[in-house]
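What follows draws every value from the coordinates through simple rules; no lab data is involved. Everything numeric here is computed off the predicted structure, so don't read it as measured data. We place every Cβ from the backbone using ideal geometry, glycine too, and count neighbours over all the protein chains shown.
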Amino acid sequence: MSTDILDELKWRGLVAQSTDEDALRRDLASGVLTLYCGFDPTAPSLHAGNLMPLLTLRRFQRAGARPIALAGGATGMIGDPRDVGERSLNDLDTVRTWTDRVRGQLERFVEFDDSPTGALLVNNLDWTSRQSTLEFLRDVGKHFRIGDMLGRETVKRRLAADGMSYTEFSYLLLQSQDYLHLFRRHGCRLQVGGSDQWGNIVGGVDLIHRVERQSVHALTTPLVTDSEGRKFGKSTGGGSVWLDPEMTSPYAWFQYFVNVEDAGAASYLRYFTFLPPEEIEELEKATAERPHLRSAQRKLAEEMTTLVHGERATRQVTAASGALFGRGELRELDASTLSAALAEVPTADIRLNDGPTIVDLLVATGLADSRGAARRTVAEGGAYVNNAKVTADDWQPSQADLLPGGWLVVRRGKRNLAGARVQPS
RNA sequence: GGCAGGUUGCCCGAGUGGCCAAAGGGAGCGGACUGUAAAUCCGUCGGCUUAGCCUACGAAGGUUCGAAUCCUUCACCUGCCA
């Protein structure tokens with residue numbers, strides 16, 4: 001197999017750290033390389049950030065390697081130590097449910113077939129659940145030196161702050177054992193992951209070196225943050241942007257990428273799309289020259305939505321975005337266009353007889369979390385109905401305000417839209 | 001097990017009896033500018049039937065006219081000692 005994949009990954013900016021690159025190139029050139037990446041079920045869904053390493057698996061597969069996607073049914077029960085402090089353990093049912101859901105998502109991003117590069121999907125609970133403590137301590141624990149473990153950055157920070165449980169301290173051993181297991185069982189010689197996984201990955205590399213006398217590889221993708229240092233994939237509201245359409249609607253997903261800052265759009269195209277370099281460079285140039293057209297953002301949003309939600313969803317959300325963000329006359333939209341567009345955003349049913357005010361509309365549609373927040377929005381000049389600013393918090397819609405199909409388009413701020421469907425009273 | 005220190009709003013953090021829904025910072029939210037960017041500036045930032053009331057400073061009790069602030073017990077965290 002070709003080693004061009006490494007050059008491509010570098011061009012895309014997807015390589016943060018790696019072990020001996022020449023050695024990896026040699027392994028890549030000598031046959032079908034097997035690599036893996038693990039995903040812990042820390043939530044009911046993967047989020048946008050998980051796509052970095054997950055799509056990297058796919059890129060390797062397309063280049064002729066065999067990917068193993070690992071769902072962390074075991075590691076998810078322990079929790080990778082993080083700076084913010086000790087995690088609270090999720091109960092077993094939760095972990096099991098989340099593992100199943102994550103598995104389901106993982107299998108959509110790599111290809112399964114009978115060829116030598118056909119993907120594998122594994123769950124590390126399968127080789128850890130029946131392992132005894134004594135076995136674990138003797139076979140795995142013996143190879144780890146406490147001094148090395150204490151020297152890890154995360155551990156040092158945690159010890160300096162709130163301390164850390166033995167449980168989380170042991171996480172490294174579990175993940176290292178996974179790599180060893182996959183090496184023995186499937187000949188896996190490369191583990192990829194986010195750059196925060198470097199220590200865990202290298203732990204496995206060292207373990208394999210100690211017990212199998214073999215050199216295997218590690219490669220991490222960069223941790224992506226925006227200009228304010230926010231972790232990529234955190235929506236402006238603070239929550240994550242999820243792959244699950246029930247948790248983040250395709251419309252919200254699309255909007256997240258449309259709103260990416262200029263500086264991010266170019267690199268995200270490289271990280272997350274499979275577009276050829278020429279096209280990406282073209283879009284980068286377009287952004288530099290005519291930034292207001294947001295062509296990179298639009299293309300990014302379309303690609304990402306198609307990747308995760310499919311082409312049909314993309315058509316629907318682009319149409320909805322066009323209609324609702326046209327800044328044109330909403331009244332000129334016909335009923336079916338408007339209904340289709342509003343189907344992509346949150347909606348609420350109201351009755352004019354109830355005498356709903358703008359505050360009620362904002363709360364009912366979920367655009368405001370509370371009546372107080374809704375009043376604040378009105379007072380701040382951020383409330384709109386049918387693109388017209390509403391300045392009085394006792395404003396009420398009337399029959400004349402209704403758009404075709406009996407809709408009111410409610411907006412908070414520049415881009416938070418919802419529909420209120422007026423029921424015949 | 002002993003001793004000491006700690007637990008404050010989304011996060012960090014000030015606050016040692018009334019002037020505390022709680023300083024300050026960050027995040028978030030809205031506005032201005034622009035391009036559904038970035039930066040910057042301004043405003044806002046527990047809830048409600050909003051001149052008032054309710055909930056809130058780890059939990060539960062207590063002292064007091066009045067407690068985030070004092071006392072008791074409990075839980076958890078950190079450090080030192082065993």
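Proximity of backbone amide H atoms, modeled 1.01 Å from N, is registered between A:ALA43 and no other residue at under 5 Å, excluding neighbours fewer than 5 places apart on the same chain. Scalar couplings 3J(HN,Hα) for the range A:336-341, obtained by applying the Karplus form with A = 6.51, B = -1.76, C = 1.60 to θ = phi - 60°, are 6, 4, 5, 4, 5, 5 Hz; x denotes Gly and Pro. Model label points for A:ASN353 and A:MET247, set 7 angstrom from Cα along the Cα-to-Cβ axis, are 4.2 nm apart. Summarising the amide proton neighbourhood of A:SER240: residues at separation of 5 or more, or on other chains, whose placed amide H is nearer than 5 Å comprise A:SER235.
Karplus-derived 3J(HN,Hα) values for the range A:396-411, using 6.51 cos²θ - 1.76 cosθ + 1.60 with θ = phi - 60°, are 10, x, 10, 3, 5, 7, 5, 8, x, x, x, 9, 10, 9, 9, 9 Hz; glycine and proline are entered as x. At a Förster radius of 25 Å, what calculated FRET efficiency corresponds to the Cβ-Cβ distance of A:LYS156 and A:ASP91, to the nearest 0.05? It comes out at approximately 0.25. Applying the criteria of a DSSP loop state and at most 13 other Cβ atoms within 10 Å to the chymotrypsin sites (Phe, Trp or Tyr not before Pro) of the range A:272-349 yields A:PHE274.
In this simple spin-label approximation, A:ARG415 and A:ASP262 carry label points 7 Å from Cα along the Cα→Cβ vector, and these lie 1.5 nm apart. In this label model, A:HIS209 and A:LEU293 are separated by 5.1 nm, measuring between points 7 Å along each Cα→Cβ vector.
Kindly state, to the nearest 0.05, the FRET efficiency for A:GLU281 paired with A:ALA379, given R0 = 51 Å and r defined as their beta-carbon distance.
For R0 = 51 Å, the calculated efficiency reads 0.65.
Considering only A:ALA288, A:VAL359, A:VAL122, the residue lying farthest towards the positive end of the dipole of chain A is A:VAL122, judged by Cα position with unit charges set on Cβ. Scan around A:TYR36 for amide H atoms under 5 Å from its own, H built in the peptide plane at 1.01 Å from N, and keep only partners 5 or more places away or cross-chain. Hits under the 5 Å cutoff: A:ILE68, A:LEU190, A:GLN191, A:VAL192. Round to the nearest 10 and give me the degree value, 0 to 90, for the angle of helix A:295-309's Cα axis relative to the longest principal axis of chain A. The answer is roughly 70 degrees. With the cut-off at 16 Å, report for the range A:250-325 the share of all Cα pairs above it, as a whole percent. That fraction is 44 percent. Using every Cα-Cα pair within chain A, state what percent have a distance larger than 43 Å. Result for the distance tail: 24 percent. FRET efficiency for the pair A:ALA335 and A:ARG130, taken as 1/(1 + (r/R0)^6) with r the Cβ-Cβ distance and R0 = 56 Å, rounds to 0.40.
Along the range A:144-152 the Karplus relation, 6.51 cos²θ - 1.76 cosθ + 1.60 evaluated at θ = phi - 60°, assigns HN-Hα couplings of 10, 9, 4, x, 4, 5, 5, x, 5 Hz to successive residues, with x for each Gly and Pro.
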